[in-house]
1. Could you check the simple spin-label distance between Asp151 and Lys45, using points 7 Å along Cα→Cβ, in nm with one decimal?
2. Once amide H atoms are placed 1.01 Å from N in the peptide plane, what residues at a sequence separation of 5 or more from Gly74, or on another chain, have their amide H within under 5 Å of its amide H?
3. Could you sort 53-66, 211-224, 137-150 so that the peptide with the highest average Cβ count within 10 Å comes first and the rest follow in order?
4. Sort 152-164, 25-37 for me by packing, meaning the mean count of neighbouring Cβ atoms within 10 Å per residue, highest on top.
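Read-outs: derived from the displayed coordinates by stated rules, not from any lab. In this text, all values refer to a predicted model and were calculated from it rather than measured experimentally. A quick note on method: Cβ atoms are made from the backbone with ideal geometry, for glycine too, and the neighbour counts reach across all protein chains shown.
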Amino acid sequence: MADIIVVDDETDVAFMIADYLQAKGYRIRMASGGADLREAIAAAKADLVVLDLNMPGENGFSLARWLREHHDTGILMLTGADSVFDKVAGLEIGADDYLAKPFSPVELEARIAAVLRRRRPKGLNDADALPAGQFAFGTYVFDARARNLIDADGVAIPLTPMELDLVAAFATRAGQVIGRDELLELAPPRGDEPFDRSIDSRITRLRRRLEKDPAKPELIKTIRGVGYLYPRR
């Protein structure tokens, strides 16, 4: 589980973030400013710091610069103003991402997951650094609780319920070959979705939505005469 420090002098905001992320499986520590952050990082390193920009005393820019100079941690900056200048300045200092207040905790968590994936060392398994209930699917993350698929930028991919059922089947069974009959049971049509008994047609449509090159699929491999496979990484 990723270790995250939330730095915000607004207590209600800090507790809202902490409560939501803890429910998602992250380990959370809180700091009200620069002194608290330095003490927390001295006690134990963090995988990511959620850093408010506008704080009394030492501001987020100064703290982000200090973090980049002394620690290898992800930085996601928060600000009360959606200022292009602030965003560019924060990214130039070394922040990995930027989110303006007010924000949805769902978007915050998606952006955190995206930053952690981008910073993940090469060779690390897909399942590492993801909270409970989330599963890697190539460069995407499938959130089983929210039932959505998030790309590397933290944006939800619009998929039908049946397509999400297929993604869930592959993401939660990485490295396992799934037969066509089982896939039909796991991903039946819902509502107004057309009833098509050919799982091959459904896989083709999903590949068009998600694969970089549908003709050379990397997410969903065909195992001839058996079924399909999402390779474990």
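1. The answer from the label model is 3.2 nm.
2. Leu48, Val49
3. Going by the mean number of other Cβ atoms within 10 Å, highest first, we get 137-150, 53-66, 211-224.
4. Working: 152-164: 15.5, 25-37: 17.8.
Top to bottom by mean Cβ count within 10 Å: 25-37, 152-164.
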